[in-house]
Amino acid sequence: MNKNHRKYIPFVPQPMAERIWPGNVLTQAPIWCSVDLRDGNQSLIDPMNLDEKLEFFKLLVDIGFKEIEVGFPSASETEYTILRTLIDGGHIPDDVTIQVLVQARPHLIKKTFDAIRGAKNVILHFYNSTSTLQRKVVFQTDMDGIIDIAVQASELIREMGDQMVAETGVNLRYEYSPESFSGTEMDNAVSICQRVIEAVGATTERPIILNLPSTVEGCMPNQHADQIEYFIQNLPSREAAIISLHPHNDRGTGVAATELALLAGAQRVEGTLFGNGERTGNVDLITLALNLHTQGIDPRLDFSNLPKIRELYERTTKLPVHPRHPYAGDLVFTAFSGSHQDAINKGVQYMKSSDSPHWEIPYLPIDPADVGRHYEPIIRINSQSGKGGTAFIMETVHGYQMPRAMHPEFGTIVQAETDRRGTELLATDILGIFRRTYLDIDGPYRLLDQHFSEIQDNGDGSHVAFHGTLRFGETDTPISGTGNGPIDAFFNAVRDLSIAGYSFESYHQHAISAGSDSKAVTYIQLKCPQGFNIFGVGVSSNISRASIYGVLCAINRAILTVGE
């Protein structure tokens, strides 16, 4: 038996005297900060060029981000250039704050101040690592040494910041991250952040952003929420800080950890579109925001044209969006399962009939139209599909509103075709099967001509007379009959023929197109002499003719079925 799991040290949960966060409810969106141009960009095999960064920045602005981390200007000339291009080119709206990242090192801090000169609204984000593992392995120092680094950086930033504000009037705010917060003892995290608050002179009126990164996700989401709640409860100068999250996704629970941490009192989230970031990525802001949207909470970000956002993202990052990615993937609004398709189809019908002000369609937690998607791809047909899905395709794509009793019959025919092909059927394929099954049946009986007229019957009301010629094989037979309607008249016309043993079961009809070329579609269910029921479909600009075509279609299909 493999014992490799024993080499890992389990996460030690933060002891909690009492948990408040499990009883909390999210009622509003957090402050959002996109780090696509920093964390997202540094994770790419081929980082974005200047033009791509500018295009991505504009996209983030259009979506509604008011805080955007644009880079690490002291780290490279490329990072410096994008920042200066944004500032000097006038690309930053007055209501948008750019954020720049810098390590808590004096020479990098000084270069960063040079880089931001001329900007109107800036968050200067500085950090140093505080985790137990980093202290032991990387820095080989104790917590006091780590605190000294943060405090000295804070004092230099405050001095240079006060001078720049006096000279330029820039709206300059500070953000501090105890990097690898989630791997730091919580009391140490509280201690270093409190010292930074004091060193930069943060107040209730001018709070610092305390960003608490889950740099490497190492625990379950509920344990991370405990960390956040404990930190907030024990921070002496809580009123002088905005509590921010910077989650990663190493355990695949970045979204859940963020949502629970917001319940625990966090106010701000840093993340990326589609969750792009190093290793398994940063937290996915699209998923977070649209999760709020589906709970009736305004996310304050505009994802109403998600396909356009996805196109730009994939083009500039060279990364594909997974087909099952929440809300944005090609297949997330697609149902192959027969039971799912049937429920969606019934949900669509319910929405139409009930005029409900709420979105109430099973298996679709969000209206695809809210994110710029369409209804056509919701149901796709393969061997796992069922009658409801086939009916949905026929109605929403092609306009044929088959009666419910007909769904099993046609669904079985379509499923047999998917089994035969072993692949998905397109909507055009479904229509082709429908036409071959119902509309292109041309024998063994053919109606060569037909004529209807109204007659009076001894004061009992209006009746219909039918006259026509019916061909079977090479034999043409004139037929005629009267009845209380076209179908009854036709049945009476053929009562002496071999097809007289069929009886009428049900009738449905609707118009299939609008305007002058509108046609009637009829669905006729007959009971055959052999005892089984079968459907026929008739289409004509004349409703009486459409009805007769439907009857004859059902009879022909029955004969062909028995003959098979």
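Figures for the structure shown
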{"item": "Only listed residue being modelled with pLDDT under 95 and polar (S, T, N, Q), chosen from Thr287, Thr215", "result": "Thr215"}
{"item": "Boolean, Ile555 is closer than 24 Å to Pro444 by Cβ and either over 40 Å from the mean Cα position of the chain (by Cα) or modelled with pLDDT under 90 (or both)", "result": "yes"}
{"item": "Within the range 65-79, tally of residues that are modelled with pLDDT of 95 or more and open to solvent by 20 Å² or more (accessible area, probe 1.4 Å)", "result": "1"}
{"item": "Pair list, Cβ < 9 Å and 6+ apart or interchain, from the range 154-180 residues that are over 11 Å from Arg117 (Cα atoms) and of a type in the set (Gly, Ala, Ser) to residues that are modelled with pLDDT of 95 or more and open to solvent by 60 Å² or more (accessible area, probe 1.4 Å)", "result": "Ser154/Arg195; Ser154/Glu198"}
{"item": "Filter result (under 28 Å from Pro299 (Cα atoms) and open to solvent by 70 Å² or more (accessible area, probe 1.4 Å)) within the range 4-25", "result": "Arg19, Ile20, Pro22, Val25"}
{"item": "Hits in the range 123-144 - residues which are without any contact (Cβ under 8 Å) to a residue 24 or more places away in the chain and either among the hydrophobic types (A, V, I, L, M, F, W, C) or open to solvent by less than 20 Å² (accessible area, probe 1.4 Å) (or both)", "result": "Val137, Val138, Phe139"}
{"item": "Total residues in the range 73-122, condition without any contact (Cβ under 8 Å) to a residue 24 or more places away in the chain and under 17 Å from Glu167 (Cβ atoms)", "result": "1"}
{"item": "Per-region count, the range 95-145, residues under 16 Å from Leu83 (Cβ atoms), assigned to a helix (DSSP H, G or I) and β-branched (Val, Ile, Thr)", "result": "3"}
{"item": "Condition broken by Glu185, with the remaining ones in (1) over 16 Å from Val200 (Cα atoms); (2) touching a residue at least 24 places away in the same chain (Cβ under 8 Å); (3) open to solvent by less than 50 Å² (accessible area, probe 1.4 Å); (4) out of contact with any strand residue (DSSP E or B) (no Cβ under 6 Å at 6 or more places or on another chain) satisfied", "result": "(3)"}
{"item": "Filtered residues of the range 155-175 (kept if touching a Gly at 6+ places or on another chain (Cβ under 9 Å) and part of a helix (DSSP H, G or I))", "result": "Arg158, Asp162, Thr168"}
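Every residue, every condition in (1) open to solvent by less than 90 Å² (accessible area, probe 1.4 Å); (2) among the polar types (S, T, N, Q), yes or no:
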{"position": "Thr27", "(1), (2)": "no, yes"}
{"position": "Ser43", "(1), (2)": "yes, yes"}
{"position": "Asp46", "(1), (2)": "no, no"}
{"position": "Phe57", "(1), (2)": "yes, no"}
{"position": "Val61", "(1), (2)": "yes, no"}
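For every residue, the table says whether it meets (1) in a helix (DSSP H, G or I); (2) modelled with pLDDT of 85 or more; (3) not small (Gly, Ala, Ser).
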| site | (1), (2), (3) |
| --- | --- |
| Val321 | no, yes, yes |
| His325 | no, yes, yes |
| Gly329 | no, yes, no |
| His340 | yes, no, yes |
| Ile344 | yes, no, yes |
| Pro357 | no, yes, yes |
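The values are calculated or read from the model by the stated rules, or taken from the named source; none is laboratory data. All values derive from a computational prediction rather than experimental measurement. Cβ sites come from the backbone with ideal geometry, for glycine too, and all protein chains shown count toward neighbours. Note: accessible area is taken over every heavy atom of the protein model, side chains too, but ligands, DNA and RNA are not part of it. Shrake-Rupley method; radii C 1.70, N 1.55, O 1.52, S 1.80 Å.
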